[in-house]
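One structure is given below, encoded as structure tokens.
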Amino acid sequence: MKERTFIDSATLTHHLSKLMSDEEVKNGCFEIFKRSFSEQSSTFHTEIVTGRFCSNDTVTLFCKYFAGIDHAGYEHHGGVEYEAQIYKDVIRHLQLSSVRYYGCFNHFENNEICMVLEYLTDSKRLKWNHMPDGKMKAAAWIANLHSLCENRPIRGVKVYDKNYYSQWVDLALDKNPDIIRYYPWFSEVCNCFLEQINDLITSPQTFIHGEYYPGNILIRDGIIYPIDWESAAIGPGEIDLASLIDYQQDSLARSIIDCYTSTRWKKRDFSSEEFVKKLLLAQIYFNLCWIAQLSKPVFWIENPVRLNHLYQLGKQAGFLS
């Protein structure tokens, strides 16, 4: 990974002035008086920038930089430019709470790309094992998104197809050559998943976040703000739900699922049996992704929590006796 490289403040001020919508800023009456590294975890380099207008009003921005990082992630991660496109073309047009998108700029002198968002002061990330009320609200938020975008064509967004799902099985096996020796059932789960991929492809497709983990969800004053949209795609909504309920206790997971289904379909009929089947497939896909992307396969042998979870999902799906 390259060193953290940011453009100088004068150049950054120039670019930010063009992005801001305030007329004073367009006239050049804007200055940066504070820059600091962001504590929010991200694959890409991020910083918090605070600026002042002529009126003495201040604005705090969240800047996310390309910084020469290639994070294609086997077609899973789209990068800073792709995420900016998602904010520009999709997120800001939805009638849902979202972080304000100011724009994206290219600084050609050092081949830098920067996406600029509002910085949500006093917001918190949802935690994996806490904040059950926040997770219920997160379930309702994503269910509303899936309902709004179901079967709606959206240009420029990657689509999960048969090849996409199949690659995760291949990657999991290629990067973990000894996995079947330690876990003989793993190949059976993979084969059954491949046989049922069409159930994920033919189910109602919608616009999904792609990595709707609690860590990618901010909450402030009880309002949900999902972030990190670089994995957004067209696929079954159950994938986002699988991310949200991962590792949750059964009672909380059940409550989250009930909240999701009642919000997404409201009074519309839906097949509970089909939904459960697709959610299990989505959970299996989600776990295969984790296993395939791990850089040190020995982890699964020494710390097999994820594999044990996959085994239980395989049994629930009827893949294993």
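What follows draws every value from the coordinates through simple rules; no lab data is involved. Predicted model, so just to flag it, every value in this text is computed and none were measured. Positions of Cβ are backbone-derived with ideal geometry, glycine not excepted, and every protein chain shown enters the neighbour counts.
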Built amide H within the under 5 Å cut-off of TRP229, gap 5+: none
Within a Gaussian network of the chain (alpha carbon springs, distance under 10 Å), most fluctuating of GLY103, GLY222, GLY79: GLY222
Descending principal axes extents, the chain, alpha-carbon based, whole Å: 70, 47, 36
For the range 151-156, Karplus couplings with θ = phi - 60° (6.51, -1.76, 1.60), whole Hz, Gly/Pro x: 6, 9, x, 10, 5, x
Table column - 3J(HN,Hα) (Hz), the range 285-290, Karplus curve with 6.51, -1.76, 1.60, x for Gly and Pro: 4, 4, 6, 4, 4, 4
Likely footprinting exposure, ARG125, ARG220, fewest C-beta neighbours within 10 Å first: ARG220, ARG125
The chain, helix-only ellipticity at 222 nm - DSSP H runs n ≥ 4, -39,500 (n - 2.57), divided by all residues, nearest 500: -13000 deg cm²/dmol
Amide H partners (placed H, <5 Å) of TYR102, local residues excluded: VAL116, LEU117, GLU118
Exposure proxy order (Cβ contacts within 10 Å, fewest to most) of ASP269, ASP246, ASP161: ASP269, ASP161, ASP246
log₁₀ of I(q)/I(0) at q = 0.10, 0.13 Å⁻¹ - the range 125-316, Debye sum with one point per alpha carbon: -0.40, -0.69
Taking the chain and dividing mean pair separation by its residue count, relative contact order in percent (alpha carbons under 8 Å, at least six apart): 17 percent
Shape of the range 215-321, Cα gyration tensor, a/c cut at 1.5: oblate
Amide H within-cut-off set for THR206, under 5 Å, with H built and near neighbours excluded: ASN151, GLY235, GLY237
Candidates TYR101, TYR87, TYR183: whichever shows maximal mean-square fluctuation once the chain is modelled as a Gaussian network with Cα springs under 10 Å: TYR183
Using alpha-carbon coordinates, inclination of helix 132-149 to the longest axis of the chain, degrees: 90 degrees
VAL276 paired with ASP174, simple spin-label distance in nm, labels 7 Å along Cα-to-beta-carbon: 3.7 nm
Full-stretch length increase - GLU81, ARG181 - with 0.36 nm per residue and alpha-carbon distance subtracted: 31.9 nm
For the chain, size of Cβ-based charge dipole, Lys and Arg +1, Asp and Glu -1, in debye: 520 debye
Sorted by Cβ neighbour density within 10 Å, fewest at the top, the residues HIS14, HIS209, HIS45: HIS14, HIS45, HIS209
Per the chain, cysteines lacking a partner by the 4.7 Å Cβ criterion: CYS63, CYS104, CYS114, CYS149, CYS190, CYS192, CYS259, CYS289
Where labels lie 7 Å past Cα in the beta-carbon direction, separation of SER321 and THR58 in nm: 6.8 nm
Cβ-defined net charge surrounding LYS137, 15 Å radius [Lys, Arg +1; Asp, Glu -1]: +2
Estimated FRET transfer efficiency (ILE32, ASN111; beta-carbon r; R0 25 Å; 0.05): 0.70
Residue with peak Gaussian network fluctuation, the chain [Cα springs, cutoff 10 Å], from PHE33, PHE66, PHE44: PHE33
Karplus 3J(HN,Hα) series, Hz, for the range 179-192 with 6.51 cos²θ - 1.76 cosθ + 1.60 (x for Gly, Pro): 5, 6, 5, 8, 10, x, 6, 4, 5, 5, 4, 4, 5, 5
